[in-house]
1. Lys423: within 24 Å of the chain's Cα centre (by Cα), at negative phi and surrounded by fewer than 16 Cβ atoms within 10 Å (Cβ to Cβ), yes or no?
2. Checking the condition of a type in the set (A, V, I, L, M), free of Cβ contacts under 8 Å to residues at least 40 places away in the same chain and either in contact with a Leu (Cβ under 8 Å, 6 or more places away or on another chain) or part of a helix (DSSP H, G or I) (or both), which residue from Ala414, Ala431 passes?
3. Kindly indicate whether Val108 is outside any strand (DSSP E or B), touching a residue at least 12 places away in the same chain (Cβ under 8 Å) and either within 22 Å of Leu75 (Cα to Cα) or among the hydrophobic types (A, V, I, L, M, F, W, C) (or both).
4. Which residue is nearest to Asn176 (Cα to Cα), if the candidates are limited to region 123-162 and must be within 34 Å of the chain's Cα centre (by Cα) and charged (D, E, K, R)?
5. Look at Phe597 and say whether it is buried (at least 19 other Cβ atoms within 10 Å of the Cβ) and either closer than 24 Å to Thr585 by Cβ or under 27 Å from the mean Cα position of the chain (by Cα) (or both).
6. Answer yes if at least one residue in region 391-403 is at negative phi and not in a helix (DSSP H, G or I), and no otherwise.
7. For residues in region 519-534 being surrounded by 18 or more Cβ atoms within 10 Å (Cβ to Cβ) and of a type in the set (A, V, I, L, M, F, W, C), which is modelled with the highest pLDDT?
Amino acid sequence: MGLTSSSTGSKVISEFIYNISNNCDYIVAIAGNPNVGKSTIFNYFTGMHQHTGNWPGKTVSNASGIRNYDDKQFLFVDIPGTYSLMSNSEEEEIARNYICFGNPNATVVILDATCLERNLNLVFQIFEITKNVIVCVNLLDEAEKKGIYIDLKLLSRYLGVPVIGTNARNESTLDNLMETISNVCTKKIISKPRMVQYLPCIEDSIQLISSAITNKTNINTYIQRWISLKLLEGESTILKSIEDNFNINLVSDAQLQQKLIEAKCLMEKNDINSENFKDKIVSSIIRTSEEISVNCSHYRNNSYNKRDKKIDKILTSKRYGIPIMLLFLGLIFWITIIGANYPSSLLSQMFGYFQDKLIYFADVINLPNWLSDMLILGIYQTVTWIISVMLPPMAIFFPLFTILEDLGYLPRIAFNLDNCFRKCCTSGKQALTMCMGFGCNAAGVCGCRIIDSPRERIIAAITNSFVPCNGRFPFLIAIATIFVAGLSGGFAGSIISTFTVLLVILLGIFLTFVISRLLSKTILKGKPSSFVLELPPYRKPQIGKVLIHSIFDRTLFVLGRAICVAVPAGLIIWLFANININNLTLLELIANFLDPFAKLMGLDGYILTAFILGIPANEIVLPIILMGYMRHTSLINIEDFSSIATILKNNGWTILTAINTMIFTLLHFPCSTTLISIKKETGSYKWSFIAFLLPTLCGITLCMITNGIYHIFI
């Protein structure tokens with residue numbers, strides 16, 4: 001069993017299929033609209049644990065896994081969720097190319113039982129490409145709660161393919177689906193899909209072109225109808241994929257081009273041209289889907305979604321939508337702040353206990369002092385600081401955030417912010433990736449794959465670090481607690497700290513809009529692409545799965561990545577604190593060098609040095625500052641805020657220093673993991689450099705402005 005990602009390129013898809021399916025008997029593609037439970041069914045069949053969230057666009061590359069059934073090996077491929085195969089978003093291109101050119105033995109199309117009509121649109125588009133289709137009507141339990149009954153046998157007769165009803169909580173329904181998949185792959189069941197009948201002139205045009213394709217032996221008869229449609233549509237990207245995969249040149253074929261001209265003339269006589277051709281096709285598909293849905297769906301209560309509509313009227317309203325969103329985010333941050341303190345302290349004490357044992361062990365085996373200090377006070381102490389500071393907040397933040405995701409609230413956030421992002425000439429989906437950035441900016445950058453437009457995807461990746469990640473929250477919380485809440489503690493202190501951190505977040509969101517618009521008007525010019533976002537039904541979160549996915553798929557993944565960069569960072573920091581030149585450590589020399597510039601920003605040299613050395617992980621900025629102030633040769637682990645406050649104030653910190661440090665904590669270069677992620681996602685060092693430069697310039701500028709205002713008026 002393994003997980004593999006494939007490129008959007010069609011040739012790469014062919015190579016992918018060949019390499020991974022060598023030892024498999026059958027290949028099965030799992031397709032469907034976003035948010036219909038594809039990944040859940042995929043996980044059941046393959047035993048893999050791909051994250052299954054309640055918002056569109058979770059799967060943006062092909063995930064594959066193997067299932068042994070009836071002495072045969074089945075390769076399951078979970079292709080990206082998509083509403084259509086007709087346009088050129090990344091997920092639609094991957095899905096279309098895989099189904100068409102990957103030649104799966106069976107394609108399972110997952111439908112949401114509560115939204116049958118909309119989901120059938122994709123079924124009829126897939127029918128054009130392959131006849132080996134199985135329709136899986138999923139979420140029957142959700143439909144039952146809403147009083148919806150689907151006549152599966154009647155639906156099967158209408159569609160001409162096997163139709164299986166499933167419920168993820170009922171394994172027998174999934175086993176029934178697996179048996180049907182096996183029967184289709186082994187030809188025990190022969191599907192005869194019902195094709196949508198288009199307008200007579202379009203059907204005649206298809207026949208004209210198909211007659212010219214028939215003599216091309218490398219194109220099977222079934223797919224000729226679909227190729228004819230694509231030629232009439234004239235979409236260059238799809239036609240290029242057809243030429244590459246079938247090794248033909250559609251443009252240079254004189255007979256084919258002649259038939260195409262005749263077909264277009266025939267359609268023009270019936271007032272169908274390149275402008276309205278796709279509309280006519282879509283209208284026919286929608287009309288057929290509506291007809292079948294009406295006949296096969298029965299409603300016990302026609303107002304089954306009345307409650308959802310009432311809730312949405314409040315959560316997505318212009319008056320209450322954004323305030324409620326801020327309230328939810330503030331509540332999550334407050335619970336994280338309150339809940340993380342005690343486990344952080346316990347972890348710190350535990351690691352301190354083991355550190356003493358390691359030092360004792362190093363003495364017993366006569367390890368040289370320099371090596372012992374480097375390994376224990378350098379690498380071990382840096383790694384354990386990051387774990388004790390990062391793990392508790394993430395273990396609280398990610399499950400809470402995942403609950404909002406499972407409830408179906410995140411798409412509502414995107415809906416509320418869509419208008420703001422469109423005014424910035426970017427995609428409303430950027431709201432989703434921005435929310436992911438609160439947990440980890442690197443994860444937010446990877447999440448930008450759900451954005452269709454390459455231009456908008458780059459903007460979202462560049463600006464993702466304008467919202468603070470989980471690694472920056474502890475430092476922001478510490479400063480807010482010490483200098484704004486005044487170490488008042490208790491409920492009042494936590495509320496003041498939360499409100500202060502929320503203001504910093506609002507500044508980051510505001511600058512995300514500003515910089516996104518700036519990029520859209522300069523180096524990444526363009527108009528906002530259309531954004532159709534499904535608002536999924538509200539669902540009861542599955543707490544067990546939420547905890548497993550948020551802790552294993554997110555918390556430990558992000559923590560593991562942070563530890564990887566913390567090991568070399570710990571070594572470098574120790575060297576900087578222990579190598580002396582003219583009785584000054586490298587850390588002191590750098591701090592002294594940067595101090596004049598830092599003073600212009602209302603900071604000092606040690607603060608600026610800490611941010612630079614903290615590029616591997618934001619979590620180590622505060623301990624580096626404390627280490628520099630105390631002239632220690634290793635990171636200082638101080639648990640209580642009062643001790644930290646004493647050290648900071650004794651080294652000249654004022655409310656101005658605190659404000660500017662919070663600004664620069666929000667606005668400075670992303671961590672190394674995020675920069676690497678931007679390079680991987682955009683394929684260019686240029687965008688990584690711009691992502692490094694933009695927030696840093698914003699931070700320096702704002703700090704200098706606040707410093708100047710302070711000295712002018714105070």
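The values are calculated or read from the model by the stated rules, or taken from the named source; none is laboratory data. All of these numbers come straight from a predicted model, not from anything done at the bench. As a convention, Cβ positions derive from the backbone with ideal geometry for all residues, glycine included, and neighbour counts pool all protein chains shown.
1. In short, yes.
2. Details: Ala414 fails: free of Cβ contacts under 8 Å to residues at least 40 places away in the same chain.
Being of a type in the set (A, V, I, L, M), free of Cβ contacts under 8 Å to residues at least 40 places away in the same chain and either in contact with a Leu (Cβ under 8 Å, 6 or more places away or on another chain) or part of a helix (DSSP H, G or I) (or both) holds for just one of Ala414, Ala431, which is Ala431.
3. No; evaluated as a whole, the condition is false for this residue.
4. The extreme case among them is Asp141.
5. Considered against the rule, which asks whether it is buried (at least 19 other Cβ atoms within 10 Å of the Cβ) and either closer than 24 Å to Thr585 by Cβ or under 27 Å from the mean Cα position of the chain (by Cα) (or both), Phe597 comes out as no.
6. no
7. Among those residues, the one meeting the criterion is Leu519.
Residue by residue, here is whether (1) touching a strand residue (DSSP E or B) at 6+ places or on another chain (Cβ under 8 Å); (2) buried (at least 18 other Cβ atoms within 10 Å of the Cβ) holds:
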position	(1), (2)
Lys72	yes, no
Tyr83	no, yes
Gly102	yes, yes
Val108	yes, yes
Asn138	yes, yes
Tyr149	yes, no
Val163	yes, yes
Leu174	no, yes
Thr180	yes, yes
